[in-house]
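Notes follow once the structure below has been shown.
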Amino acid sequence: MLRVMRKLLSVLLCLIIGVSLATAQTTKVSGVVISAEDGEPIIGASVVAKGTTTGTVTDFEGKFHLDVPKTAKFLAVSYVGMKSQDVA
């Protein structure tokens, strides 16, 4: 019984360490997407960490919040009918 408990404790410890390492490899990024034409916020624009599947859409004020992997160097911002743009 003691042996099983030690194995279970070891597995749980490894799981906790793995999760903490995975979350430490991201950066929180937030911002506002606005139109260059009139300075108004863009509602529903797509914001994706380039080269990943991590992304979000802007809210009704054009704001977004995203946990970006440290390996991603650019955000790809796109919206229907507008030119897409990569932002460092």
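Using only the alpha-carbon atoms of segment 33-88 as identical scatterers, what base-10 log of I(q)/I(0) does the Debye formula give at q = 0.25, 0.27, 0.29 Å⁻¹? Per q value, in the given order, log10 I(q)/I(0) is -1.00, -1.12, -1.23.
Over all other residues within a Cβ to Cβ distance under 13 Å of His65, the charged ones net out to -1, with Lys and Arg as +1 and Asp and Glu as -1. Per-residue Karplus couplings for segment 76-87, computed as 6.51 cos²θ - 1.76 cosθ + 1.60 with θ equal to phi - 60°, are listed in order as 9, 10, 9, 7, 4, x, 10, 6, 6, 9, 9, 10 Hz, Gly and Pro entered as x. The stretch between Thr71 and Thr27, if pulled fully straight at 0.36 nm per residue, gains 14.9 nm over its current Cα-Cα span.
Peptide packing: for 41-49, 60-68, the average count of neighbouring Cβ atoms within 10 Å per residue gives the ranking 41-49, 60-68, highest mean first.
FYI, it's all coordinate maths here, none of it is from the lab. From a predicted model like this one, the values you see are computed outputs, not experimental measurements. Here Cβ is always computed from backbone atoms with ideal geometry, including for glycine, and neighbour counts include all displayed protein chains.
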